[in-house]
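To start, the structure under review is shown below, and the notes come after it.
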């Protein structure tokens, strides 16, 4: 398999009591749609626990961690930075350039919460808009990751899962994973 540099999603802010579900969904979306790791602000411990639990049950590889300095992660990032904002350049205009840069460099995808400080816009290599209309940051992240990976993330297989969702037209079906079967994460 051809290894690509790491893709990390940074949740820039987190307002306890207001952003619990949204921050968790940023992490779950990052995991499900091909990122390698998510970094949450240190006050998002509930989101960290949920994403770690999902990874334990449904497989990885995927890492979730906390930081006491989200803006420090941006300042010290050794690679390319894409900041998702409705004020950015249209994703369809920059996705190829970002994909090409990511072949050689790790990519940090910054997802804001409350008002994003202007220095984040300046630090970013790309300020990317997934539509310039108000929408969910989770939706923006999902569209961005799908464009970055050109749909390959939808075929991922997960290592060390203890259960699998079985696709079907109606109803829900979750089965234990056959421990003798081999799975690989194939992005």
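Among the residues of segment 84-118, count how many are within 20 Å of residue 40 (Cβ to Cβ) and in contact (Cβ under 8 Å) with a residue 40 or more places away in the chain. Talk me through it step by step, then tell me what you get.
From segment 84-118, those within 20 Å of residue 40 (Cβ to Cβ) are 84-85, 106-117; that's our starting set.
Going one step further and asking which of them are in contact (Cβ under 8 Å) with a residue 40 or more places away in the chain, we end up with 84-85, 106-114, 116-117.
Summing the residues that are within 20 Å of residue 40 (Cβ to Cβ) and in contact (Cβ under 8 Å) with a residue 40 or more places away in the chain in segment 84-118 gives 13.
Answer yes if at least one residue in segment 50-64 is in contact (Cβ under 8 Å) with a residue 60 or more places away in the chain, touching a helix residue (DSSP H, G or I) at 6+ places or on another chain (Cβ under 6 Å) and either crowded, with 20+ Cβ neighbours inside 10 Å or under 23 Å from residue 157 (Cα atoms) (or both), and no otherwise.
No, segment 50-64 contains no residue that is in contact (Cβ under 8 Å) with a residue 60 or more places away in the chain, touching a helix residue (DSSP H, G or I) at 6+ places or on another chain (Cβ under 6 Å) and either crowded, with 20+ Cβ neighbours inside 10 Å or under 23 Å from residue 157 (Cα atoms) (or both).
Against the condition within 17 Å of residue 136 (Cα to Cα), part of a loop (DSSP other than H, G, I, E, B) and touching a strand residue (DSSP E or B) at 6+ places or on another chain (Cβ under 9 Å), how does residue 83 come out, does it pass?
Details: within 17 Å of residue 136 (Cα to Cα): yes; part of a loop (DSSP other than H, G, I, E, B): no; touching a strand residue (DSSP E or B) at 6+ places or on another chain (Cβ under 9 Å): yes.
Answer is no for this residue.
Consider residue 140 against the criteria (1) touching a residue at least 60 places away in the same chain (Cβ under 8 Å); (2) in a helix (DSSP H, G or I); (3) within 30 Å of residue 17 (Cβ to Cβ): it satisfies all of them except one. Which criterion is unmet?
(1)
Here are 22, 1: which of them is touching a helix residue (DSSP H, G or I) at 6+ places or on another chain (Cβ under 9 Å), modelled with pLDDT under 95 and either more than 19 Å from residue 156 (Cβ to Cβ) or surrounded by fewer than 19 Cβ atoms within 10 Å (Cβ to Cβ) (or both)?
Residue meeting the stated conditions: 22.
Could you tell me which residue of segment 19-59 is nearest to the chain's Cα centre (by Cα), considering only residues that are under 23 Å from residue 72 (Cβ atoms) and part of a loop (DSSP other than H, G, I, E, B)?
Checked segment 19-59; the qualifying residue nearest to the chain's Cα centre (by Cα) is 35.
The values are calculated or read from the model by the stated rules, or taken from the named source; none is laboratory data. Model, not experiment: these values are computed from the prediction. Cβ: placed from backbone, ideal geometry, glycine included. Neighbour counts: every protein chain shown.
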